[in-house]
Amino acid sequence: MYFDTGYLIFVLPAMIFAFYAQSKVRQAFATYSRRASSNGKFGSQVARELLDAAGLGDVRVEMTQGTLGDHYDPRSKVMRLSRDVYSSNSIAALGVAAHEVGHAVQDATAYAPLHLRNGLVPVAQFGSTLAFPLFLIGLVFRSGLLMDVGLLFFAGAVAFTIIALPVEYNASGRAIGLLEAGGYVRGTEVQSVRAVLDAAALTYLAATAMAIAQFLRLLSLRNRR
């Protein structure tokens, strides 16, 4: 199963793209983490000020462990920033912090793709957990029904990654606009922030490509059975 032609045609190119995307985002973050912003404020300070300016004083800003684990939790109204973002005044830190503010603003303004993505979270988690075991059992025991159910579950996970794309790109667009409007970045700093967020966007695109590739691989196996 793991050395079939579907793997070589669909999955391997997606994996290569995913490795490339990860290297780009790490390179961009490492480069612009060494460049201090002209305003001198930490990512946590910028996040707090942007949230307050948007009327989102109820959203807390907390520090979380790990690297590049920054995220906004719409359920608890908490923005969690990694140490490298929370306590840094770098261009990269401001870009990441503003991106998460973008998600908070999406949530506050009922941005439809965000709410659709959030609604698909349990579907994606359930589907990604059961899809492969069900499909594998169906493949081994030649059960077309189990393979079809596995494909259906995995389709939910694929839909989640596709819907996540406009959500992430929109948050990045909002981030750049918020930073410029607030005077947090100036001149070439705007392009530097864009470079960081564009690199991050590649990882979202790679995740979507990987999900679609896996689905096509399973579909090709199903058709051959």
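A few notes on this one:
- Single residue of Ala28, Ala21, Ala14 found to be within 30 Å of Gly138 (Cβ to Cβ), of a type in the set (A, V, I, L, M) and either in contact with a Ser or Thr (Cβ under 7 Å, 6 or more places away or on another chain) or surrounded by 14 or more Cβ atoms within 10 Å (Cβ to Cβ) (or both): Ala14
- Leu145 being touching a Gly at 6+ places or on another chain (Cβ under 8 Å), surrounded by fewer than 16 Cβ atoms within 10 Å (Cβ to Cβ) and at pLDDT 95 or above: yes
- Against the numbered list (1) in contact with a His (Cβ under 9 Å, 6 or more places away or on another chain); (2) in contact (Cβ under 8 Å) with a residue 60 or more places away in the chain, Asp107 comes up short only at (2).
- Residue within the range 111-126 that is surrounded by fewer than 17 Cβ atoms within 10 Å (Cβ to Cβ), in contact (Cβ under 8 Å) with a residue 12 or more places away in the chain, over 15 Å from the mean Cα position of the chain (by Cα) and not in a helix (DSSP H, G or I) present: no
- Qualifying residue in the range 74-82 (condition: surrounded by 14 or more Cβ atoms within 10 Å (Cβ to Cβ), farther than 25 Å from Gln191 by Cβ and polar (S, T, N, Q)): no
- For the criterion of being in contact with an Asp or Glu (Cβ under 8 Å, 6 or more places away or on another chain), hydrophobic (A, V, I, L, M, F, W, C) and within 21 Å of Pro113 (Cβ to Cβ), Ala171 passes.
- Beta carbons closer than 9 Å, at least 6 apart along the sequence or on distinct chains, pair a first residue in the range 193-205 that is closer than 10 Å to Arg26 by Cα with a second that is not in a helix (DSSP H, G or I) for Ala200/Leu68.
- Checking Gly183 against (1) of a type in the set (Gly, Ala, Ser); (2) within 30 Å of Leu130 (Cα to Cα); (3) outside any helix (DSSP H, G or I), the condition it does not meet: (2)
- Residues of the range 36-59 classified as under 12 Å from Val101 (Cα atoms), loosely packed, with under 14 Cβ neighbours inside 10 Å and without any contact (Cβ under 8 Å) to a residue 40 or more places away in the chain, total: 2
- The residues of the range 163-205 that are closer than 12 Å to Ser37 by Cα and not aromatic (Phe, Trp, Tyr), listed by number, are Leu179, Gly183, Val185, Arg186, Gly187, Thr188, Glu189, Val190, Ser192, Val193.
- Note on the range 55-78: residues that are of a type in the set (Asp, Glu) and closer than 18 Å to Thr109 by Cα total 2.
- Condition check for Leu178: assigned to a helix (DSSP H, G or I), surrounded by fewer than 17 Cβ atoms within 10 Å (Cβ to Cβ), out of contact with any Cys (no Cβ under 6 Å at 6 or more places or on another chain) and at pLDDT 95 or above: no
- Of the numbered criteria (1) surrounded by 19 or more Cβ atoms within 10 Å (Cβ to Cβ); (2) modelled with pLDDT under 95, the one Tyr86 fails is (2).
- When residues in the range 181-191 are screened for being within 14 Å of His99 (Cα to Cα) and of a type in the set (Ser, Thr, Tyr), 1 of them pass.
The values are calculated or read from the model by the stated rules, or taken from the named source; none is laboratory data. Small disclaimer: the values here were computed from a predicted structure and weren't measured. Cβ atoms come from the backbone with ideal geometry, glycine included; neighbour counts cover every protein chain shown.
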